[in-house]
Amino acid sequence: MRIKLFESEDKAKEVLEDSHPRLIIASDKEICIVRCGEELFAFQNACAHMGESLHKGNTNFLMEIVCPLHTYRFNMKTGEEAENRCSALKTYSIHRATDGIFIEM
Ligand code: FES
């Protein structure tokens, strides 16, 4: 199932500050979404270690989200933790179309 996130690329850039994680709710799920330049990443908001909210964390130059609680680092594309200390995050595909930007649930 695809859910529309933004009407356009410009709207996404307007709403999502570069490299700043945001929380959205889609299909009753908490999803963390991050825009890094032209790329968009979407993954489960609950940290795979102990469930902290990842939208409260930061990103780094390696395109990782860093959990604010114990600083585990997750690749935002694959969801994998940098040192394999816990399971990977569930990630979601982002689709760009002429009528908007969508997340695949
Ligand atoms: S809860 Fe995220 S690293 Fe521990």
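The values are calculated or read from the model by the stated rules, or taken from the named source; none is laboratory data. A quick note: this is a predicted structure, and the numbers were derived from the prediction, not measured. For neighbour counting, all protein chains shown are included, and Cβ atoms are generated from backbone atoms with ideal geometry for every residue, glycine included. These area figures cover heavy atoms from the full protein model, side chains too; ligands, DNA and RNA do not enter into them. Shrake-Rupley method; radii C 1.70, N 1.55, O 1.52, S 1.80 Å.
Some notes on this structure:
- Of Thr91, Thr71, Thr59, the one that fluctuates the most in a GNM where the chain has Cα springs shorter than 10 Å: Thr71
- The sum of -39500 (n - 2.57) across all DSSP H runs of n ≥ 4, divided by the residue count of the chain, sets its helix-only mean residue ellipticity at 222 nm to -1500 deg cm²/dmol.
- Residue ranking by accessible heavy-atom surface, 1.4 Å probe, largest first, among Val66, Val34 comes out as Val66, Val34.
- Choice from Cys67, Cys86, Cys32 with maximal GNM fluctuation in the chain (Cα, 10 Å cutoff): Cys86
- For Ala26, the residues whose modelled amide H falls within less than 5 Å of its own, excluding neighbours fewer than 5 places apart on the same chain, are Ile31.
- A viscosity of 0.692 mPa s and a temperature of 37 °C, combined with the Kirkwood radius over Cα pairs in Stokes-Einstein, give a translational diffusion coefficient for the chain of 240 µm²/s.
- For the pair Lys13 and Arg96, the difference between a 0.36 nm per residue extended length and the Cα-Cα distance amounts to 28.5 nm.
- Taking Cα centre as origin and charging only the Cβ of basic (Lys, Arg, +1) and acidic (Asp, Glu, -1) residues, the dipole magnitude of segment 26-105 rounds to 80 debye.
- Shape call, segment 55-105: gyration tensor on alpha carbons, a/c limit 1.5: prolate
- Alpha-carbon centroid distance for the pair segment 76-104 / segment 8-39, whole angstrom: 12 Å
- What the phi angles of segment 90-105 give under the Karplus curve with 6.51, -1.76 and 1.60, with θ = phi - 60°, is a coupling list of 6, 10, 10, 7, 10, 10, 9, 9, 5, 9, x, 10, 10, 10, 8, 9 Hz, glycine and proline written as x.
- Candidates Ile25, Ile33, Ile65, ranked by Gaussian network fluctuation over the chain, Cα under 10 Å, top entry: Ile25
- Modelled spin-label separation between Arg22 and His70, with each label point placed 7 Å from Cα along the Cα-to-Cβ direction: 3.0 nm.
- Cut-off under 5 Å, modelled amide H: who pairs with Lys90 long-range: Gln44
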